[in-house]
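The values are calculated or read from the model by the stated rules, or taken from the named source; none is laboratory data. These figures come from a predicted structure and were not determined experimentally. Backbone-built Cβ (ideal geometry, glycine too); neighbour counts: all protein chains shown.
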Amino acid sequence: MPARLLDQILADPSGLSWAVLWREGQQEAEVLVGEVSDLALLADVPRPRPDAPVLALVPYRQISERGFDVHDDGTPLRVLVATGYERVPVEDLVAALPDVPVEVDGEHFSVSDDDYAATVERVIEDEIGEGEGANFVIRRDVVARTDADPATAALTWLRTLLVDERGAYWSFAVHTPGHTLVGATPERHVSVRDGRVWMNPISGTFRHPADQAELEPSFRAFVKDTKETEELFMVVDEEMKMMAQICAHGGRITGPYLKQMAHLTHTEYLLDGASEADVRDVLRATMFAPTVTGSPMENACSVIRRHEPDGRGYYSGVLALLDLDDEGGERLDAPILIRTAHVDDEGTITVSAGATLVRHSDPRSEVAETAAKARGMLAALGLRPRRSLGYDVQLASLPGVAEDLAARNESLSPFWLSPQESRPDPELAGRRVLIVDAEDTWTQMLAHMVRHVGMVAEVRRWEQVGVEDVLDERIDLLLSGPGPGDPRDLEDPRIVRLRELISARLDAGRAVLAVCLSHQVLADLAGLEIAKLAPPNQGVQLPVDLWGEVRRIGFYNTFVARPPAGEVSVAGRMVEMAVHEPDDAVVALRGPGVASIQGHAESVLSRDGLVALHGLIRHALRR
């Protein structure tokens, strides 16, 4: 028989605030009934009580807590504090939920196919092509309406999702005044329990063909597809920046795995690391997943605001369930709000979907991807055919697939694929590094790597660093970091500040290491020509010759320094160049007390990143 709380919800769906949640791998669903309040900040989310979890609905606009750009659409940060909680076997839940068709009409895309394709082209040309980042996620919405009670409709659609969908991380329905959500999301954003943090970046999308005969060859091609592979590596890099910030010893990568759903299959990695941070701080530091925003995160938010006409509501935010373990420690489980329908009190239904745009995206393919991602939820609404049971192949078991997936890791950084035990270098141990963050948290990964070799690292935003700071006698090395933008733009205060800091440090005869954007700034100070690449190197691994040693390094750059005909000096110091001939690009510089690299030694894509970074640090610190 249905449990007591579920009976209450079914008797009066719109009269209570409630949530029904099924989480991956569990035989029971969770039912919450409670009181709702709206908060200003994630820090205000209350602590759960025993057998009384707290469910937070975190909208995308909450990214403003991090100071990032956003359309403020007023969607509330809402919490449901449970006054009643119980677990119900999934088969009992399905049997109890309503199974009566809900009429939905007026379906249309908020942005037409042609207009979305034009937006894709603009983002590739004006944003990625101008050095603003590696990838960006731009959404569009399917909008429809219903005259049915939103709470009853959500319970009905939840039943369909539980029956039809597969591979979901959470399937859920949540009803609060004015906001009803129902969905089956494949992606965990972040979980915290027992002093460990997990993140689960998912990217790369295979659309299941209607004809089973096409399945195996098309899927094998997908697994080996360069765009799909690089797209996943990019989001792993971005989430590793977050892991390096919240986990004392960085994070470790396992995978890749497959996430097979009813209409789509994705590729994914699992990241984990130890952390003692409060779960609210973890939530705040990880707003929001690069799989639904882009990278670098701060600039991705600005790009989204420029190219999306209005706010995202709860799309790309998270549900966050806080509860207690047996010892009273707080736990967190937070899936991303994708593959989700939002229903307001007027019966307007919104299903949002976005595509990850990279340098070689095909606009029409990205149009099709947004439609494919919305299909599972639209099928539950009755607007698309329900999942065909004509074939049910486990794609992970197809011949060669496991080997092809495992082969992806052969080119990745072993540093991030294994436990990161500290290995101090006696020459570097205890030496202090000031790392300047130029609006890209690659600096958190750099800090973790320099600590690994025994150095003491401090990361500060560029606005918080002055000339007097870099001339502090206690600072052994200035590590000027990467960031988005054009290194030649002297109207950009970031570029001006980086030039000032690097110049002051060099003029004082002190050690400098410059990475990516800062490498370009250093090259510009040395009089080298700075030019744009076509196409840019965003999220690619290149073998580069660093003075007789070939290193495989990850690159995320639109601009390069061109090698001059003669010798090069900066601040009176002669420097030598490492040139990557295929791009005609200066990929590294070194001289007395100075070194730089165009690529990201800290990237997951840098197979030889640690040894390259270590060598550059040692060189820069030699007088």
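If you take the residues of region 193-225 that are of a type in the set (S, T, N, Q), outside any loop (DSSP other than H, G, I, E, B) and touching a residue at least 40 places away in the same chain (Cβ under 8 Å), which of them is surrounded by the most Cβ atoms within 10 Å (Cβ to Cβ)?
In this case the residue turns out to be SER203.
Restricted to region 348-362, and to residues that are surrounded by 18 or more Cβ atoms within 10 Å (Cβ to Cβ) and more than 12 Å from VAL120 (Cα to Cα), which residue is farthest from the chain's Cα centre (by Cα)? Full working, then the answer.
In the first step, residues of region 348-362 are kept if they are surrounded by 18 or more Cβ atoms within 10 Å (Cβ to Cβ); the result is 349-359, 361.
Checking which are more than 12 Å from VAL120 (Cα to Cα) leaves us with 349-353.
Numbers: ILE349: 26, THR350: 23, VAL351: 20, SER352: 17, ALA353: 15 Å.
Applying the filter and picking the extreme gives ILE349.
Considering only residues of region 532-575 that are of a type in the set (S, T, N, Q) and surrounded by 13 or more Cβ atoms within 10 Å (Cβ to Cβ), which is farthest from PHE415 (Cα to Cα)?
Keep residues of region 532-575 that are of a type in the set (S, T, N, Q), which gives 537-538, 541, 557-558, 569.
With the extra rule that they be surrounded by 13 or more Cβ atoms within 10 Å (Cβ to Cβ), the set shrinks to 537-538, 541, 557-558.
Numbers: ASN537: 23, GLN538: 21, GLN541: 16, ASN557: 22, THR558: 26 Å.
For region 532-575, the residue satisfying everything is THR558.
Report yes if some residue within region 98-114 is surrounded by fewer than 23 Cβ atoms within 10 Å (Cβ to Cβ), among the charged types (D, E, K, R) and part of a loop (DSSP other than H, G, I, E, B); otherwise report no.
yes
Hey, among the residues in region 503-533 that are free of Cβ contacts under 8 Å to residues at least 40 places away in the same chain and hydrophobic (A, V, I, L, M, F, W, C), which one's farthest from VAL235 (Cα to Cα)?
The selected residue is ALA508.
Among the residues of region 532-579, write down those that are touching a Leu at 6+ places or on another chain (Cβ under 7 Å) and not in a strand (DSSP E or B).
PRO564, ALA571 - these are the residues of region 532-579 that are touching a Leu at 6+ places or on another chain (Cβ under 7 Å) and not in a strand (DSSP E or B).
Pick out the one residue from ALA56, ALA43 that is in contact (Cβ under 8 Å) with a residue 40 or more places away in the chain and either more than 27 Å from the chain's Cα centre (by Cα) or in a strand (DSSP E or B) (or both).
ALA56
Take VAL456 and decide whether it is without any contact (Cβ under 8 Å) to a residue 60 or more places away in the chain, under 24 Å from LYS241 (Cα atoms) and either surrounded by 15 or more Cβ atoms within 10 Å (Cβ to Cβ) or of a type in the set (A, V, I, L, M) (or both).
Against the criterion (without any contact (Cβ under 8 Å) to a residue 60 or more places away in the chain, under 24 Å from LYS241 (Cα atoms) and either surrounded by 15 or more Cβ atoms within 10 Å (Cβ to Cβ) or of a type in the set (A, V, I, L, M) (or both)), VAL456 qualifies.
Surrounded by fewer than 24 Cβ atoms within 10 Å (Cβ to Cβ) and in contact (Cβ under 8 Å) with a residue 40 or more places away in the chain, is that true of ARG339?
no
Can you pull out every residue in region 256-269 that is out of contact with any helix residue (DSSP H, G or I) (no Cβ under 8 Å at 6 or more places or on another chain) and within 15 Å of LEU412 (Cβ to Cβ)?
Matches in region 256-269: none.
Would region 225-239 turn up any residue that is in contact with an Asp or Glu (Cβ under 8 Å, 6 or more places away or on another chain) and more than 24 Å from GLY133 (Cα to Cα)?
No, region 225-239 contains no residue that is in contact with an Asp or Glu (Cβ under 8 Å, 6 or more places away or on another chain) and more than 24 Å from GLY133 (Cα to Cα).
Can you tell me how many residues in region 580-619 are among the small types (Gly, Ala, Ser), buried (at least 24 other Cβ atoms within 10 Å of the Cβ) and either assigned to a helix (DSSP H, G or I) or in contact with an Asp or Glu (Cβ under 6 Å, 6 or more places away or on another chain) (or both)?
Number satisfying all stated conditions: 2.
Tell me the residue from SER422, SER365 that is closer than 24 Å to PRO536 by Cα and either modelled with pLDDT of 95 or more or surrounded by fewer than 20 Cβ atoms within 10 Å (Cβ to Cβ) (or both), please. Reasoning before the result, please.
Numbers: SER422 fails: closer than 24 Å to PRO536 by Cα.
Only one candidate qualifies: SER365.
Looking at LEU283, LEU271, which is the one that is in the same structural domain as ALA396 (by TED's automatic domain parsing), in a helix (DSSP H, G or I) and of a type in the set (A, V, I, L, M)?
The conditions single out LEU283.
Hey, any hits in region 482-499 for a residue that's in contact with a strand residue (DSSP E or B) (Cβ under 7 Å, 6 or more places away or on another chain) and within 18 Å of ILE617 (Cβ to Cβ)?
yes
Counting only residues that are under 18 Å from the mean Cα position of the chain (by Cα) and of a type outside the set (A, V, I, L, M, F, W, C), which one in region 263-279 is surrounded by the most Cβ atoms within 10 Å (Cβ to Cβ)?
Looking at the filtered set, the residue picked out is TYR269.
Among the numbered conditions (1) of a type outside the set (Asp, Glu); (2) within 16 Å of the chain's Cα centre (by Cα); (3) modelled with pLDDT under 95; (4) under 20 Å from PRO186 (Cβ atoms), tell me where GLN260 comes up short.
Single failed check for GLN260: (2).
Please verify whether LEU16 is at pLDDT 95 or above and within 24 Å of VAL282 (Cα to Cα), treating the condition exactly as stated.
no
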